[in-house]
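For reference, the structure discussed in these notes is given below.
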Amino acid sequence: GSVKIFSAGSALDEGPSIYLGVCRCGKDAPFRETASFNPFTESGGVRVATTSTTTGANLLVSGSVSGKTKASVIKYDFVRPTPSAKTLEPVRIGEVWTGNASSPAALGGN
């Protein structure tokens, strides 16, 4: 399955690097796709969660592998490929977990 990341009013859109008020990120903010990728070669759904860092968040993605007999959880970060880029590219940090499962593992973030 595909993972799509959406953002509204971020530095990618020439917005502020941090928010001091809610005016630009409220319920009417215009969201747009800023990243899209397929973390697993096998077809099927994925599950996602975020984990906080001191500078933002990482993405956890769970999906099926090995003929849908195992599941894997992979941690990703996202980088801006150039200072003027309007989209982000995923960077695989590493595998967090793998085990026997017929579907993607359920995830929760912090």
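General remarks:
- Residue satisfying all of: in region 8-61; aromatic (Phe, Trp, Tyr) and in a loop (DSSP other than H, G, I, E, B); modelled with the highest pLDDT among these: Phe40
Residue-by-condition table, conditions (1) assigned to a strand (DSSP E or B); (2) under 27 Å from Phe31 (Cα atoms):
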{"residue": "Gly63", "(1), (2)": "yes, yes"}
{"residue": "Tyr76", "(1), (2)": "yes, yes"}
{"residue": "Pro83", "(1), (2)": "no, yes"}
{"residue": "Glu95", "(1), (2)": "yes, no"}
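- Answer residue from region 90-110, given it is β-branched (Val, Ile, Thr), under 30 Å from Arg32 (Cβ atoms) and in contact (Cβ under 8 Å) with a residue 24 or more places away in the chain and is surrounded by the most Cβ atoms within 10 Å (Cβ to Cβ) among those: Val96
- Residue count for region 59-89, restricted to those that are under 30 Å from Glu14 (Cα atoms) and in contact (Cβ under 8 Å) with a residue 60 or more places away in the chain: 6.
The values are calculated or read from the model by the stated rules, or taken from the named source; none is laboratory data. Please read all numbers here as calculations on a predicted model, not as lab measurements. Every residue, glycine as well, gets a Cβ built from its backbone with ideal geometry; the counts of neighbours run over all protein chains shown.
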